[in-house]
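The values are calculated or read from the model by the stated rules, or taken from the named source; none is laboratory data. Quantities reported herein were computed from a predicted structural model and do not represent experimental measurements. In this analysis, Cβ positions are derived from the backbone assuming ideal geometry, glycine residues included, and neighbour counts consider all displayed protein chains.
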Amino acid sequence: MPDDQIDTLAVQVAQTLFASFYKLLKVAMKDQLPGGLFYVASPELTAETLSVIPHNKLPERAFGMLDFMVRFRPNASILINESFITFSFNKTHEWLDSLPKEERDKLLTDARKQGTLLRGKFKLRCSEIKKKRLESLKKKQEAVRKKKENSFKKKEIQTSEVIFYGLWQSSSVADDILRSITKTSEKRKALIAQLRFQQNVLKQYVKGKKIFNASVKGKALSREALTENVKKLIEEAASKDVSENIQQRSSRMPILVGKKVRHTFNEGTFTAKVISTVPGFPDYYNLIYDNELDSEGKVTDTTAIYTYRLLEDYRAKKLDNTGGGRSKTMFEVLFKIRSACSCTGSTIF
């Protein structure tokens, strides 16, 4: 390769490297650059740092010795190891040997007398460190608790909104409900409620998270775009790819579909029939309660369909089969088999 081509490539490489170095140093050496805290050192700071070594060989050596001693004599306390390293690095032995015998004996006697005091200070220091660590741990736990609490409140609000508008499980249902809403702002609110519920509560699996966005670069999406995204989510929930992904993550089977159940709430116990599961979400069951049927016991256009996680309610003893003894026993057996398969990764067919 000719030299002129080599020089051209070298210039390009150098330009790329120096551009990266500039970005790195601008952040890492912020205090040392013009305008930084230490760009112009004061005389006091200069005097304080005169004894600072320009390398890290000494601390690396100290850590190496500490690592060896911890492995060689693991029962030794930190104070003992610290004293040994300090004694070695300061060459205290040579200094003591250079002193007269009387002065050396006096220093050793005084050191022994101060041993109890030093050990007390060491225990106090360890106690303070432990206390600070516990405080830090409590702060982290409190932060996690608040985060979970905020997440729960957020999901609770989103669930309430979906209860108001209904969980749309098909494109035709979405169109019907949107037509029944007169205000454009209310339609938009209903669409966003569906998106947020699918994202945060149902945690629907999607290949691109942008489908949950209600805006792009600070600009709100149009109602048509939101409607299209909601319909895509509904279609993807029942698609083959999502179904396979769900089967990999969960082996839950809709064992309650077609069953008559008694569902207990704070207001009382209600009888319902489980008609289906939410497409793509086998944990969520659709129910029609008997008090929602017409006088002839039939489903009409005004019949409300409710969605609940019935298996969780069953575990909480808020759900029961309305059948007889044998039917009820079979209901419990199916539930136990389903639970066992969930633990082992099996699937019921």
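Going through region 115-168 one residue at a time, which ones are basic (K, R) and touching a helix residue (DSSP H, G or I) at 6+ places or on another chain (Cβ under 8 Å)? Write out each step before concluding.
Going through region 115-168, the residues basic (K, R) turn out to be 119, 121, 123, 125, 130-133, 138-140, 145-148, 153-155.
If the condition is that a residue be basic (K, R) and touching a helix residue (DSSP H, G or I) at 6+ places or on another chain (Cβ under 8 Å), then R119, K154, K155 are the ones that fit.
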Tell me the residue from Q198, Q194, Q247 that is at pLDDT 85 or above, under 29 Å from R315 (Cβ atoms) and part of a helix (DSSP H, G or I), please. Q194
It is to be established whether one or more residues within region 138-158 are surrounded by 12 or more Cβ atoms within 10 Å (Cβ to Cβ), within 30 Å of T227 (Cβ to Cβ) and acidic (D, E). no
Of the residues F152, F164, F197, F122, which is farther than 27 Å from G280 by Cα and of a type in the set (F, W, Y)? F122
Quick one: is N75 of a type in the set (S, T, N, Q), within 30 Å of Q32 (Cβ to Cβ) and outside the structural domain of Q32 (by TED's automatic domain parsing)? no
Return the residues of region 47-100 that are closer than 21 Å to F122 by Cα and acidic (D, E); say none if nothing qualifies. D67, E82
Region 188-227, residues that are under 19 Å from T307 (Cβ atoms) and of a type in the set (G, A, S): A190, A193
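Within the group K148, K231, which residue is farther than 27 Å from V274 by Cβ, part of a helix (DSSP H, G or I), modelled with pLDDT of 80 or more and not assigned by TED's automatic domain parsing to the domain that holds T307?
That would be K148, the only listed residue that is farther than 27 Å from V274 by Cβ, part of a helix (DSSP H, G or I), modelled with pLDDT of 80 or more and not assigned by TED's automatic domain parsing to the domain that holds T307.
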Take region 90-117 and flag every residue that is aliphatic (A, V, I, L, M) and outside any helix (DSSP H, G or I). L99
Region 177-190 residues that are among the hydroxyl-bearing types (S, T, Y), paired with ones that are assigned to a helix (DSSP H, G or I) (beta carbon under 8 Å, 6 or more apart): T184/R223
Conditions: (1) within 19 Å of P282 (Cα to Cα); (2) surrounded by 14 or more Cβ atoms within 10 Å (Cβ to Cβ). K203 meets all but one. Number of the miss? (2)
Can you pull out every residue in region 176-186 that is in a helix (DSSP H, G or I) and surrounded by fewer than 15 Cβ atoms within 10 Å (Cβ to Cβ)? D176, R179, S180, T184, S185, E186
Subset of region 81-129 (residues that are of a type in the set (A, V, I, L, M, F, W, C) and under 53 Å from the mean Cα position of the chain (by Cα)): F84, I85, F87, F89, A111, L117, L118, F122, L124, C126, I129
Is it true that K189 is surrounded by 13 or more Cβ atoms within 10 Å (Cβ to Cβ), assigned to a helix (DSSP H, G or I) and among the charged types (D, E, K, R)? yes
